[in-house]
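Enquirer: Take this structure first; my questions come after.
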Amino acid sequence: MKHLLLQLSAISSVLLLVAGAYGSARPRYGGTVRVLLHDKVMSIDPLSEEDHPAARDRLAALTFETLTEIDAQGRLHPNLAASWHADQSKRVWQFRLRLANFHDGTVLTAADVAASLARSNPAWKYSAADRQTVTIETPSPVQHMAEMLTLPKYAIVKRQGEANGAAVLVGTGPYKLNQWQAGERAQFAVNDDYWGGRAFADAIEFQMGASLREQLVDRQLGQYGAAEVGIDQLRALEQTNQNVAISRPADLLTVAFLQSDSPSRAGRKPVDSRVREALGLAINRAAISNALLQRRGTPASGLLPQWLTGYEFMFPGSTDLGRARELRSDAAAFVVITPIMLAYDAADPLSKLVAERIAVDAREAGIVVTPYAEAHVNSKVARSQINADAVLLRLPLQSVEPSIALTALTDDLGFFSESAPAILGATRPEDLFEAERKLLENHRIIPVAHLPQAVWLNGNVHNWQQLATGAWQLDQLWVEGAR
Amino acid sequence: MPFDGFSSQIGAIAIYSYMLKTALNLWFCAILFLLLPAASTAQQDAQPLPLAATEFVHQILSRSGSPSAVAVTFQNLSVLPPESQEAVQNAVFNGFRNANVRLVKAEQALAEVQITFSEDWQGYVWIATVRQGSSNQLVIKKIARQQRAVSSRAPTLTIRKIPVWQQDGQILDFFQDNQNLLVLEPGQLSIYANESGQWRPRQTLGIPHQHPWPRDLRGRLEVRNGEINAFLPGTRCSGKISPPALDCRASDDPWPLDSGLVAFFSSRRNFFSGLLAGQSAGASVASFFSGAAWQNGDQRMWLFTGTDGRARFFQNDLGSPAATYDGWGSMVATVHSNCGTGWQLLTSAPTDSIRPDSVQAVEIAGREALPVSVPVDLAGAVDALWTAGNYNQVVNGVMQSQATGRYEAFTLTVVCNQ
């Protein structure tokens, strides 16, 4: 740690000298911003099955745009849609498109949008009322459709040459994909003809699968504009006055049991609901938050964080070992309690620490939890194939609109079809609270913590916008030293 | 939408112009100080909390079937200060009493109401759990948090900010006199007429353009004797206020910046190329975001905020800078006042454009730049600063509020301390 601090100190003194020479509110054009990504992204297709969908979405957002967007203050704005309205039932929504071109020079049409959205959500009906107007019909009311369409999965993508088996994805965004080496490197070049005006930086380049620590060791950090950092690196960075942007604790770290109580999968039997509840009561979330997460995260009792809803505190999340032991004993009278196999993301050292701590807490209640590393836990397809009782998942918060955020979480957790209608139709916060309560009542999901996302920023990079969710908005980004 | 008390502001500006024109009398300035509305008063759009509390009680009663006797308890998980909490609690008690519901101890109550003052990232969230026998009801009310007033600190030389206009759409520049307010926007020029102290829409004139506007779009509006000249990147529009007319064409004509300072603007970027026109035709400086020119006795002065982050000061000769300064914001405009040397530079702060900004007055003494006011904090990034008024006594500014996202046009003047 001392070595790391010394290295950071040396780099920061150089960077501060550089930063001090500049200062301006007006963005400058030109230059390349290089960004270090912790995760490896294999595809920027917003609908691809990815181990690290949040990282994929960060790249994809530069190229593929949604019809609407939400800014850093949580305000909804038009994006590819210039305006929209719904009928009274909130089942029929009509979006009027702005004039925009795809990167291949073709004009964005309602037919393109309908085709793209049909892949994102086949359960809805889409039609082009005219060249610039697309209509969406849903089987049940969607109160916040415009907010829903800000989710990355609803980005508008034109797929060319699919019949030949090698689809080329074309977007409308401020940057075009220029160079791509899956899992290693991506370079995006500015779209000079972007409908919203040319972005400032000429290019944004991502180096994937590299950690800040490795770059420090190589003394290579100065060439980067930004780097993703883990919670365990924050203290050292802050002690050396490095510029670090930290989001609100938005991600959900949760234990998710894979088998439902009426199992359809061959293989492992579901863990008894009393044992699941007992595990939830045994976990010492405060200790995890204070020690392992260095007070950067918050204990989670609900799926959505307290800062987003104001009502997370209503869900019980305190440790109660006495009640946990009782529940475990009740269960033992009826079923044989076998060790719980808990898989965690092998690429995430924090998940390993938390999984091991959960095992320690569980032992206090007489429950055996066996944590083990899995290479692929984040995609739904991969999870369906692993031989575990439960997984420790880190799920990103995808929206600051609570109903949309909860819908996206249920989608990630595989509960979309049973939960979404109630959530999307909710007109009052009480309805949303009730929907969340129902998701938690059978203890298949045990929230553990909410975690922030953090990024180190070089002093010469400006207008780096980290949204409350931790997502990046990089279209206003500019770098010093450019013209 | 105009600000409240707008008519008095129009009157105040007219008085101020007259005073500068005639005597620039300090005493009159002091009186003017008192006449001007508090410039940095934040909007109070949010619902008053006691009123919200009354509505909350109505919601609780309608969901719980209006029990005749309730026990109420409170907990506060928010930043609601104790005095506000007490006011809200009293409003809750009064709400129950006015609905003929008795407030009693828990053991005598037909319903127990637990009220929690919580909050989310955008406002207060009040939650009532109503227990009646074995049933539980939940009532949640969200209330927008009132904006904090922008801080004002004791000044040495004071910058006064007067709100003029605000709207959702982007404002590039504006012009106002007693009769007209013209707002230059990316796709149009909006003209408003003064009717009994309120600006009423009069005409909207379109600004057609061939290419997408550059990001960080800028524009310049010049109105003299009813003649309009609007400059946008690669486009120039000319017309009249009365009858309203505007004719736009593709053009790289230089833009007027300040007294006698005219410069060419890059048609697909957000800066001036550095090539000057007008009185300084043929001269060029490093590319810049904004420039200022003023006369100090027989000395001609210029200052340009370069795209490289350095501000360059020139004295009589544009060949080489007399001084270079770091750490300035990119926006600068001169203002003529009765204070100090008579000329001040108003500059924005060196912050990112996604953060709140401030404006500070600076004087150049010799080659040294001296701050002569404390910064005026603004609720968003400054998008434009242009010298205005017949005697350069006003700076027109535009900013986008971080809190509301709305664009605000305002004027800045410098007032001497006594």
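Enquirer: Around residue B:290, which amide H atoms from residues at least 5 apart in sequence, or from another chain, sit under 5 Å from its own amide H, with H modelled in the peptide plane?
Expert: B:305
Enquirer: What is the percent of Cα-Cα separations in region A:68-160 that go past 20 Å?
Expert: 30
Enquirer: Considering the dipole of chain A built from charges on the beta carbon (Lys and Arg +1, Asp and Glu -1) around the Cα centre, which of A:404, A:425, A:141 is farthest to its positive end?
Expert: A:404
Enquirer: Amide H to amide H, which residues 5 or more places from residue A:199 or on other chains are under 5 Å from it, using H placed in the peptide plane?
Expert: A:191
Enquirer: Still on this model: Fully extended, how many nm does the chain gain between residue B:69 and residue B:188 (0.36 nm per residue separation, minus their Cα-Cα distance)?
Expert: Additional length available on full extension: 36.7 nm.
Enquirer: Using the Kirkwood radius over Cα pairs, work out the Stokes-Einstein diffusion coefficient for the protein assembly as shown at 37 °C and 0.692 mPa s, in µm²/s as a whole number.
Expert: The calculation lands on 107 µm²/s.
Enquirer: Which net charge results when you count Lys and Arg as +1 and Asp and Glu as -1 among the other residues whose beta-carbon is under 10 Å from that of residue A:410?
Expert: -4
Enquirer: Also, I was wondering about something else. Share of antiparallel DSSP beta bridges in region B:49-144, in percent to the nearest 5?
Expert: Of the beta bridges lying entirely in region B:49-144, close to 65 percent run antiparallel.
Enquirer: Tell me, what ³J(HN,Hα) does each residue in region B:377-382 have, in order and in whole Hz, if you take phi through Karplus 6.51 cos²θ - 1.76 cosθ + 1.60 with θ = phi - 60° and put x for Gly and Pro?
Expert: Ordered by residue, 3J(HN,Hα) equals 6, 10, 7, x, 6, 6 Hz.
Enquirer: Tell me which residues come under 5 Å, amide H to amide H, from residue A:69 once H is placed; ignore anything under 5 positions away on its chain.
Expert: The answer is A:77, A:79.
Enquirer: Taking the Cα centre as origin and putting +1 on Lys and Arg beta-carbons and -1 on Asp and Glu beta-carbons, what dipole magnitude results for the protein assembly as shown, to the nearest 20 debye?
Expert: 360
Enquirer: Summing +1 for each Lys or Arg and -1 for each Asp or Glu, what net charge is found among the other residues whose Cβ lies under 12 Å from the Cβ of residue B:236?
Expert: So the environment of residue B:236 carries a net charge of -2.
Enquirer: Would you mind counting up the charge near residue A:459? Only other residues with Cβ under 14 Å from its Cβ, with Lys and Arg at +1 and Asp and Glu at -1.
Expert: Cβ neighbours under 14 Å give a net charge of -3.
Enquirer: Find the centroid of the Cα atoms in region B:354-418 and in region A:281-335, then give the distance between the two in whole Å.
Expert: Value for the Cα centre distance between the two parts: 51 Å.
Enquirer: Another question about this same structure. Once phi is turned into θ = phi - 60°, what whole-Hz ³J(HN,Hα) does the Karplus curve with 6.51, -1.76 and 1.60 give for every residue of region A:401-414, x standing for Gly and Pro?
Expert: Along region A:401-414, the couplings run 8, x, 5, 6, 4, 5, 4, 5, 5, 5, 5, 4, 8, x Hz.
Enquirer: Kirkwood hydrodynamic radius for region A:251-451: how many Å is it when counted over pairs of different Cα atoms?
Expert: Averaging 1/r across every pair of different Cα atoms and inverting gives 17.0 Å.
Enquirer: Read phi for every residue in region A:355-364 and hand back ³J(HN,Hα) as whole Hz from Karplus 6.51 cos²θ - 1.76 cosθ + 1.60, θ = phi - 60°, with x for Gly and Pro.
Expert: Per-residue couplings from phi come out as 4, 5, 5, 4, 4, 5, 4, 4, 4, 4 Hz.
Enquirer: May I have the convex hull volume per residue, in Å³, for the Cα set of region A:309-379?
Expert: Cα-based convex hull of region A:309-379, divided per residue, equals 140 Å³.
Enquirer: Dipole of region A:68-160, Cα-centred, from +1 at each Lys and Arg C-beta and -1 at each Asp and Glu C-beta, to the nearest 20 debye?
Expert: Computed charge dipole of region A:68-160: roughly 140 debye.
Enquirer: Right, next: Given axes a ≥ b ≥ c from the Cα gyration tensor, I'd like to know whether chain A is rounded (a/c under 1.5), prolate (a/b larger than b/c) or oblate.
Expert: oblate
Here, each number is a calculation from the coordinates, and none is a lab measurement. Please read these numbers as outputs of a predicted model, since none were measured by experiment. With ideal geometry, Cβ positions are generated from the backbone for all residues, glycine too; neighbour counts draw on all protein chains shown.
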